[in-house]
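The values are calculated or read from the model by the stated rules, or taken from the named source; none is laboratory data. Since this is a predicted model, take the numbers as computed values, not measurements. Quick reminder, even Gly has a Cβ in these numbers, built from the backbone with ideal geometry, and neighbours come from all protein chains shown. Remember, those area values only see protein heavy atoms, side chains included, never the ligands or the DNA or RNA. Shrake-Rupley method; radii C 1.70, N 1.55, O 1.52, S 1.80 Å.
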Amino acid sequence: MRCRILIGLMVAGVVAVTAPAMAGSAEDAAKAFAEGKELLAKGDFAGASQAFKRATKDDPENVEYRQSFAMLRQVVRLREQLETEADSSRWTAMATALRSFYHAQGIHTESLVLNRKMHERAPSAETASALAENLLTLDMDSEALAILQGVKTDQVTDRVNVLLAIATARQGKVDEAKLIVRKVSPADDADPQLLSEFARAQALTGNKSEALKALGRSFEQTPPGRLADAKAEAKASKDFRSIANDPSFARVLEIDSKIAESSCSKGASCGSCPKRKKAGGCGGCSKAKQAEDSSAGTCPHAKKKSCPHASDD
């Protein structure tokens, strides 16, 4: 799970939000929470924080509202700390945690600011890939292409080549993109993000069968709690426009994850697990699911030294 444990920097005390004495209606709480999510998507952290605070006041028993409010407070603090952090390794860890949060919330402009800074401070194939993907998401294709072409030959990775093929194809150079994507042959159990991007490159270069195959493999490798979002992203991606109306695309969207689900519940989050309040946490979460929930700030194991995904990259 790529760098997700770094989000643990942000979640200390995330479930320990004191419930207010007075409560409003559940309907008011839901409206406030929805408002907060809209404001957060626009990058209005102060406004979102106030809206989440109202939601927790109106419905203090709602775990999601309390966790979202606590998480956002941690994010705001982390943003402030990042401005003054002098230690390079700590800055990178905090920036990566913030970037994970921005990506999960779809705040791509804030993520872009961080990706630019990270690439400027320590340029590498990894930072170039993260920045290029962010640029492609915002349809800044020419800049993404330039960033990827700037990666040193001996540092080029499969992900660099896949993103390079996407950027090149978007520039109308399909034959050139085909040559680039042929350099990549991801394993069946490769990272789901790489498989999804590989599928996009194949679709853009006219290879429908390989695109569908890779996309299906990406869904199989995606943790259950993340699968719905991954499928929504695929349906919304303009890179799949050429195959979006194909019946085979619809069938691929029905593919289930092959990653083990939690043994304690089938929910999408540990935050709603009926066993989460027990000593030591529920103890039944799969490693993949806990990694997903640590990213969202809902995993009961996220703060523990014994967290089974603490060493994940």
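E80 accessible area, nearest 10 Å², 1.4 Å probe?
Spelled out: E80, probe radius 1.4 Å, area about 120 Å².
Just read off the accessible area of K37 with the full protein assembly in place, 1.4 Å probe, to the nearest 10 Å².
Solvent-accessible area, nearest 10 Å²: 110 Å².
Cα-Cα pairs above 26 Å in the range 74-230: how many percent?
Details: 3668 of 12246 pairs.
Tail fraction, whole percent: 30.
Would you give the gap between the C-alpha center of the range 179-243 and the C-alpha center of the range 66-106, rounded to a whole Å?
The range 179-243 and the range 66-106 have Cα centres spaced 29 Å from each other.
Going through the cross-link list K152/K208; K208/K258; K235/K258; K117/K152; K183/K238; K117/K235, which pairs have a Cα-Cα distance over 29 Å in this structure?
Numbers: K152/K208 31 Å; K208/K258 23 Å; K235/K258 20 Å; K117/K152 19 Å; K183/K238 23 Å; K117/K235 31 Å.
Among K152/K208; K208/K258; K235/K258; K117/K152; K183/K238; K117/K235, the Cα-Cα distance tops 29 Å for K152/K208; K117/K235.
Taking the solvent-accessible surface of protein heavy atoms with a 1.4 Å probe, what is the per residue accessible area of the range 184-239 in Å²? Don't skip to the end; give the middle numbers.
Details: 2200 Å² over 56 residues.
Ligands and nucleic acids excluded, the figure is 39 Å² per residue.
How large is log10 I(q)/I(0) at q = 0.20 Å⁻¹ when the Debye formula is applied to the Cα atoms of the range 71-157, each weighted equally and without solvent?
For the range 71-157 at q = 0.20 Å⁻¹, log10 I(q)/I(0) is -0.93.
To the nearest 10 Å², what's E27's accessible area with a 1.4 Å probe?
Roughly 120 Å² of E27 is accessible to a 1.4 Å probe.
Per residue, how much accessible area does the range 42-115 show when a 1.4 Å probe rolls over the protein heavy atoms, in square angstrom? Mind dumping the intermediate values first?
On the way: 3500 Å² over 74 residues.
Per-residue accessible area for the range 42-115 comes out at 47 Å².
Show me 243-254, 96-107 ranked by packing, highest mean number of other Cβ atoms within 10 Å first.
Values: 243-254: 13.9, 96-107: 20.6.
Sorting 243-254, 96-107 by mean packing, highest first, produces 96-107, 243-254.
Determine the gain in length on full extension of the stretch D189-S88; use 0.36 nm per residue of separation and subtract their C-alpha separation, reporting nm with one decimal. Could you put the intermediate results ahead of the total?
Details: separation 101, 0.36 × 101 = 36.36 nm, distance 3.30 nm.
Separation in residues times 0.36 nm, less the Cα-Cα distance, equals 33.1 nm.
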